[in-house]
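Report on the following structure.
Each reported figure results from applying straightforward, stated rules to the coordinates on display, with no laboratory input. Bear in mind that the values here come from a model prediction, so they are computed numbers and not experimental data. As a convention, Cβ positions derive from the backbone with ideal geometry for all residues, glycine included, and neighbour counts pool all protein chains shown.
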């Protein structure tokens, strides 16, 4: 840690940074208001899949960058799971060197354009910003600025290919091409390894492709980032299910020295309430996969999707928001969130909830489904709901929802999307009987190196955490890449 | 990209496709399935593997025309490619030497039953196979089944081949005359339901291989869920084979029809465009 602090200090003391700090009084910086990103009109955007946020203009980006006072102790960085040098990239923006800002982002973040869009900045870097902590003012718009720099670079047509060490000829495998896997692959490639990413689906990107909708993260943005990784020399194999198509042992015979498992949180959870298997009731994973990965809403594609008129989405996370807003875009007359706690406890990003509200999504907070009913064809047509109130905080620190007796009532629904969490994908663990697992089905790893009970196997993301965010998965990927590097080098030098 | 190296029609709406997939050919076992996607705009559908040739690096699939994707698949020819094939998926059939195994297959379910029959025979079991179809022309893989079965009983709805009657009549005949230690059934849901009811009467452990709607096939979407013994299971990762006496076939049949209207609409559109 000391090394990092020293490094950050040295960076901050560079002449251009010192000059920039002097160019404007801190008072003047902190007296400025934070800007908002431009957004599409809620009543237009809720009928199409165009991206909701339009980003910052150059002018707004410069104004927001000037708000950052380039603290001597940049607490924001401690809130970033991948440790982006936040003041440095923001100050690069302030000097007008937007491409330089993107280079800083890519030093530690393989997917800045993605993170600038989907990170819960309000809970991470921006929550640790000097403005938030000491001034009690809106934080520097770190997330928006990250997005600005990454988008500027992409649109400039001058995407920097990160520097890669000379190839060392050592083969490593990355299992899963979601945020954890891509992040690990990027770092391993930079260290000179011969990296192959194995993906079970037909497209690279994992949850970035099948899960997060186009209106929040356009696929094109993910594809551009993946193209950069290809240019770095990373190989991708789709339709390849490690443990099935070939086992880890078979891959070892082919020369792979170590593996990173980022296979994600596969299994959707259901509530196990009566009627939950009726037609028209599906997991958010299924609903979003059909629409995002399979293009089901487009009549030129073969995959069907149920376009409900009366859609209820159960849950309060980002995936629930994605599902309920997707339902609206597919033409739902009524698209409603049913969540057992209140708005305050919602795990979704603040911005997603705000966008959902603007788009005409109804919120039935402090409500919980207890039973579903169906028509003569087995299609859900009604659901029974009970009302809840909040009690004492539980182990998660959030106030526990308690059932209000005799509060049940029914509403009409024709489609229900269940978005109450996921369980880890069991396919990789099932193929490795010696792999140490937790009772929840996640892989046990060393917290620092992400090494599992099988020495050459490292893991991160939802297969370790059970259900988290893109950026935490990416942080794991980075940590694991460093752990794998150390493991392999020690093995070689023995 | 997986090339079709051989195609043979068994009947007007049923064909065998031999597809290049060397890694799957090597790793697949009886009971496994694959998910395929024909082209960029295609949907993902599960198909149970009917056989493989490790040397040639191919797997065999048997497809029945029921909708847009299967129709498109049957319209492909030798030399054409299927864009995506992933597998092997699902749990392999648990094969051991337990004595006498009764295998009951209906329609195209006979194809995935073939490697299971072969597996049980090679494990030292006596294998009696009952094959059922609406009519003579729809009976498939009879010769191959004979090769690995001690006896094959044919049942047709119209009596055009073998005996007239349903699969259950053939099964019951075997159960009444000899001790059957287990039964394996693959076919349309309604057939498996009645096969299971038949063996339940005689307390014969029975496994059914279910073919439900799937999207990813790796446990992610839950489209394939079925109730087994009152608990929700995912066919793709918990199955495809389950204790047939515990499967809620009524619910399964209802769920198979979950996209019926959309599928029918799409098929009509496809046929119109094909004209």
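For the reader, a short list of remarks on this structure follows.
- Net length gained if the chain between residue A:25 and residue A:220 were fully extended (0.36 nm per residue, minus Cα distance): 66.1 nm
- Least to most buried among B:10, A:458 (fewest other Cβ within 10 Å first): B:10, A:458
- Packing-based ranking, highest mean first, of B:89-99, A:330-340 given that Cβ atoms within 10 Å are counted: A:330-340, B:89-99
- Helix B:189-201 axis, angle to chain B major axis (alpha carbon atoms, nearest 10°): 20 degrees
- Most mobile listed residue (B:225, B:177, B:146) in chain B, GNM with C-alpha springs under 10 Å: B:177
- The stretch A:140-234 - Rg and Dmax from Cα coordinates, angstrom: 14.2, 43
- The stretch A:55-84-the stretch A:1-29 distance, computed between alpha-carbon centres (Å): 13 Å
- Summary value for chain A: 15 percent relative contact order, contacts being C-alpha pairs under 8 angstrom separated by 6+ residues.
- Stokes-Einstein D in µm²/s, Kirkwood radius over Cα pairs - chain A at 20 °C with 1.002 mPa s viscosity: 90 µm²/s
- For residues of B:26-38, the mean tally of beta carbons on other chains within 10 Å: 2
- Mean Cβ neighbour count within 10 Å, used as a protection proxy, ranking A:42-49, B:14-21 highest first: B:14-21, A:42-49
- Pairwise label distance in nanometres, residue B:83 with residue B:5, each label 7 Å out on the Cα-Cβ vector: 2.4 nm
- Averaged over A:278-287, number of beta-carbon atoms from partner chains that fall within 10 Å: 5
- Against chain B, whose longest principal axis comes from its Cα atoms, helix B:260-274 is set at around 50 degrees.
- Over all pairs of different C-alpha atoms, the stretch A:62-124 has a mean inverse distance whose reciprocal, the Kirkwood radius, equals 12.0 Å.
- Across peptide B:40-47, the mean count of Cβ atoms from other chains lying within 10 Å of each residue's own Cβ comes to 4.
- Two-decimal log10 I(q)/I(0) for the stretch B:145-231, as the Debye equation yields it once each C-alpha is a single scatterer, q = 0.10, 0.16, 0.23 Å⁻¹: -0.34, -0.77, -1.22
- For A:388, B:1, B:145, the sequence from fewest to most other C-beta atoms within 10 Å is B:1, A:388, B:145.
- Rounded Å value of the spacing that divides the Cα centres of the stretch A:439-494 and the stretch A:268-312: 33 Å
- The stretch A:340-355 residues near the modelled residue B:232 label - backbone nitrogen below 18 Å, point 7 Å along Cα→Cβ: A:340
- Modelled FRET efficiency - R0 25 Å, residue A:357 with residue A:57, Cβ distances, 0.05 increments: 0.50
- Taking 0.36 nm per residue of sequence separation and removing the Cα-Cα distance, the residue A:298/residue A:399 pair yields an extension gain of 32.2 nm.
- Mean Cα-pair separation over length for chain B, i.e. relative contact order, pairs under 8 Å, 6 or more apart, %: 16 percent
- Compared with the dominant principal axis of the Cα atoms in chain B, helix B:167-177 is inclined by about 30°.
- Within a Gaussian network of chain B (alpha carbon springs, distance under 10 Å), most fluctuating of B:217, B:162, B:187: B:162
- Here the stretch B:61-85 is scanned for amide nitrogen atoms under 17 Å from the site 7 Å beyond the Cα of residue B:135 along Cα-to-Cβ, giving B:65.
- Computing FRET efficiency as 1/(1 + (r/R0)^6) for residue A:44 and residue A:343, where r is the C-beta to C-beta distance and R0 is 30 Å, gives about 0.75.
- Cα centroid of the stretch B:210-226 to Cα centroid of the stretch B:74-153, whole Å: 22 Å
- Only helical runs count toward this figure. For chain A, summing -39,500 (n - 2.57) over DSSP H runs of n ≥ 4 and dividing by all residues gives -10000 deg cm²/dmol at 222 nm.
- Relative contact order of the stretch A:289-399, defined on C-alpha pairs under 8 angstrom at six or more residues apart (%): 20 percent
- Under a Gaussian network description of chain B, with springs only between Cα atoms under 10 Å, the residue in B:250, B:265, B:43 that fluctuates furthest is B:265.
- q = 0.09, 0.15, 0.16 Å⁻¹: log10 I(q)/I(0) that the Debye formula gives for the stretch A:337-494, counting C-alpha atoms only: -0.49, -0.97, -1.03
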